[in-house]
Amino acid sequence: MSVVISGSGLFTPPHSISNDELVDTFNQYVEEFNVENSDAIASGEVEALKPSSSAFIEKASGIKSRYVMYKEGALDTKTMMPLIPERSNDELSVQAEMAVAAAKQAMQAANKKPEDIDLIIVACSYTQRAYPAIAIEVQKELGCQGWAFDMLVACSAATFGIMNGVNALNGGTAKTVLVVSPEFVFPQINLRDRDSHFIFGDVATAVVLENQDTATGDHCFKLLKTKPMTTFSNNIRSNFGHTNRCTPDTMLADDKMFVQQGRKVFKEVLPMVCQLIEEQLAEADIAATDLKRLFLHQANINMNTFVAKKILGREPVGNEAPIILDEFANTASAGSIIAFHRNHDDMVQGDKAVICSFGAGYSAGCLVIEHL
Ligand SMILES: CC(C)(COP(=O)(O)OP(=O)(O)OC[C@H]1O[C@@H](n2cnc3c(N)ncnc32)[C@H](O)[C@@H]1OP(=O)(O)O)[C@@H](O)C(=O)NCCC(=O)NCCS
């Protein structure tokens, strides 16, 4: 059996925030903090906070702006978090709303109706609630039958979700699978943390997977090789969880949001990812020179350039390793899928590519694909 990606979709949130907007708020907060704590800073009890800079952010990460579902509150030094109005249980949740919009596009591209889909996997880095699964809410909203579940693998969730979809198709438990990644990650950033206040944006992506013999989309990509890998690390971590409230003294501490040792991540993840891609290509008997595109995880432009150079043996040229993080920032597991979604229309029969995600866990997922 040959499994293909037969359609993809992208939902872009309604608001955007530039680096300058984020930095202005951050620097105003720093000024207020340093004035309020001036005596303690003078006596050495408290360390003065340092300002952030748009120039640093763009140079160190390549990020220029990000899309967000909710902007109100994020740029106010009193709140410094997006304020998300409560929705009743009868209303569609924010994440399901994002997922449904991306899913409808992917289904249209794959020429699929709700009755064709029999498995929905919501694969992302956080879900808004533990249960009922966001995927089952999406299933109801789209009017699909079959079964649905949520899975979290941080920045590798989308590729791991696709691999689970492939397994379901190969195992015969599904005929057409929708893998949706509603990455509602901006609310987990600590906007008071200079090291990470610029990192994430919200987005949702979706892909349809099915067997080659049922696929009718204009651009169908056969999955030649799929490989997940994980190795434990504390260098990217969020301790947010259902037991937080049982430790009231620390339930709102900074480690309940996204925290990372960015430099260590950079150094440790890159060799792992390069090895994974090189092994996959060797197993598929594909030379790097045969690749039309590298659709890489979108966390940092310097990381993408490093991986692309290592795999290709030279600087990527033109659109060989598309970058979307300048506009979207890091969108967790959706990044490589956005790059794929936006940059495959010019690909033709026989063109090969790699989709590779990597991040917390550590985790990395690599898909080698070929246009039918
Ligand atoms: C986060 C990241 C962009 C930071 O870039 P970096 O080059 O490693 O920057 P560093 O943290 O080493 O800081 C370098 C300098 O800039 C300063 N700096 C840090 N944040 C700053 C900010 N917002 N504004 C201005 N200066 C800043 C630091 O204080 C440091 O100054 P120093 O040299 O005087 O000590 C980068 O490490 C990264 O992207 N890592 C990988 C992250 C990743 O992929 N995570 C996966 C998540 S899914």
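Read the figures in this text as sums done on the coordinates, not as results from a lab. Only a predicted model underlies this, so the values are computations on that prediction, with no experimental measurement involved. Cβ coordinates were reconstructed from backbone atoms using ideal geometry, including for glycine residues, and neighbour counts include every protein chain displayed.
List of remarks:
- The set of residues from region 316-360 being within 16 Å of the ligand (Cβ to nearest atom) and surrounded by fewer than 19 Cβ atoms within 10 Å (Cβ to Cβ) comprises just one member, Asp326.
- Among residues of region 280-307, those that are more than 15 Å from the ligand (Cβ to nearest atom) and closer than 21 Å to Lys267 by Cβ, counted: 1
- Of the residues making up region 65-81, one or more are farther than 27 Å from Ala130 by Cα, among the basic types (Lys, Arg) and either without any contact (Cβ under 8 Å) to a residue 24 or more places away in the chain or in contact with a strand residue (DSSP E or B) (Cβ under 6 Å, 6 or more places away or on another chain) (or both).
- A single entry from Gln298, Gln275, Gln280 fulfils the requirement of being crowded, with 18+ Cβ neighbours inside 10 Å and either free of Cβ contacts under 8 Å to residues at least 40 places away in the same chain or part of a helix (DSSP H, G or I) (or both): Gln280.
- Of residues in region 226-253 being among the hydroxyl-bearing types (Ser, Thr, Tyr), within 18 Å of Ala157 (Cα to Cα) and more than 11 Å from the ligand (Cβ to nearest atom), the one surrounded by the fewest Cβ atoms within 10 Å (Cβ to Cβ): Thr231
- Conditions (1) surrounded by 15 or more Cβ atoms within 10 Å (Cβ to Cβ); (2) assigned to a helix (DSSP H, G or I); (3) β-branched (Val, Ile, Thr): number failed by Thr289: (1)
- Test: residue in region 116-138 that is touching a residue at least 60 places away in the same chain (Cβ under 8 Å), buried (at least 20 other Cβ atoms within 10 Å of the Cβ), over 19 Å from Ser6 (Cα atoms) and in contact with a Pro (Cβ under 6 Å, 6 or more places away or on another chain): yes
- Hey, Ala106 within 30 Å of Ser18 (Cα to Cα), away from the ligand (no atom under 15 Å from the Cβ) and in contact with a Gly (Cβ under 9 Å, 6 or more places away or on another chain) or not: yes
- Hits in region 303-334 - residues which are closer than 22 Å to Tyr67 by Cβ and part of a helix (DSSP H, G or I): Met303, Asn304, Leu325, Asp326, Glu327, Phe328, Ala332, Ser333, Ala334
- Residue tally, condition within 16 Å of the ligand (Cβ to nearest atom) and either surrounded by fewer than 24 Cβ atoms within 10 Å (Cβ to Cβ) or of a type in the set (Gly, Ala, Ser) (or both), over region 162-190: 4
- Selection of region 30-73 for residues being within 28 Å of His297 (Cα to Cα) and more than 16 Å from the ligand (Cβ to nearest atom) yields Tyr67, Val68, Met69, Tyr70, Lys71.
- Applying a threshold of 7 Å to beta carbon distances and a minimum spacing of six or more residues, or different chains, the list of pairs starting in region 198-210 at a residue that is within 14 Å of the ligand (Cβ to nearest atom) and ending at one that is charged (D, E, K, R) and assigned to a strand (DSSP E or B) reads Phe200/Arg66; Gly201/Arg66; Val203/Glu183.
- Tally of residues being within 15 Å of the ligand (Cβ to nearest atom) and either surrounded by 14 or more Cβ atoms within 10 Å (Cβ to Cβ) or over 30 Å from Met80 (Cβ atoms) (or both) across region 254-266: 8
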